[in-house]
1. Restricting attention to segment 51-106, which residues are among the basic types (K, R), farther than 18 Å from G23 by Cα and in a helix (DSSP H, G or I)?
2. Restricting to segment 1-50, count the residues that are assigned to a loop (DSSP other than H, G, I, E, B) and at pLDDT 95 or above.
3. When you check R85 against the structure, is it in contact with a helix residue (DSSP H, G or I) (Cβ under 8 Å, 6 or more places away or on another chain), under 14 Å from K24 (Cβ atoms) and open to solvent by 50 Å² or more (accessible area, probe 1.4 Å), yes or no?
4. Would you mind finding the one in K100, K106 that is open to solvent by 80 Å² or more (accessible area, probe 1.4 Å) and closer than 14 Å to V47 by Cβ?
5. With the requirement that a residue be in contact (Cβ under 8 Å) with a residue 40 or more places away in the chain, on the phi < 0 side of the Ramachandran plot and crowded, with 18+ Cβ neighbours inside 10 Å, what does segment 35-56 give you?
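The values are calculated or read from the model by the stated rules, or taken from the named source; none is laboratory data. What you see is a predicted model; the values in this text were computed from it and never measured. Glycine gets a Cβ as well: all are built from the backbone with ideal geometry, and neighbour counts include every protein chain shown. SASA here: full protein model, heavy atoms, side chains in, ligands and nucleic acids out. Shrake-Rupley method; radii C 1.70, N 1.55, O 1.52, S 1.80 Å.
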Amino acid sequence: GGGGGAAMADGEGLVSVDYEVYGKVQGVFFRKYTQGEAKKLGLVGWVQNTSHGTVQGQIQGPTARVRELQEWLRKIGSPQSRISRAEFSNEKKIEVLEHKEFQILK
């Protein structure tokens, strides 16, 4: 195979979306698994624990991949987590990725 394919199909632009996940999501390696899943999907952004027992962060990347991680955050999470709900906000189209990688913030 070959061919240069920097051009994305229509509707395959980049998006940025913020998220917050509720439930038993701290102390269950949720951030580590989220980072692993994001890297597998080729996404960038960050994840951190909040002081009120949730996990929050931002995801950036191709729309379809971001959707996959949103679904993962809503339904799967880390093996020991118990997700009650995931909320997404501030979704917007972006021209370039604003992060270099997917980081776990302290």
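1. Those that are among the basic types (K, R), farther than 18 Å from G23 by Cα and in a helix (DSSP H, G or I): R65, R67.
2. Residues meeting the conditions: 8.
3. Yes.
4. K106 is the lone residue from the list that is open to solvent by 80 Å² or more (accessible area, probe 1.4 Å) and closer than 14 Å to V47 by Cβ.
5. Q35, A38, L43, V44, W46, V47
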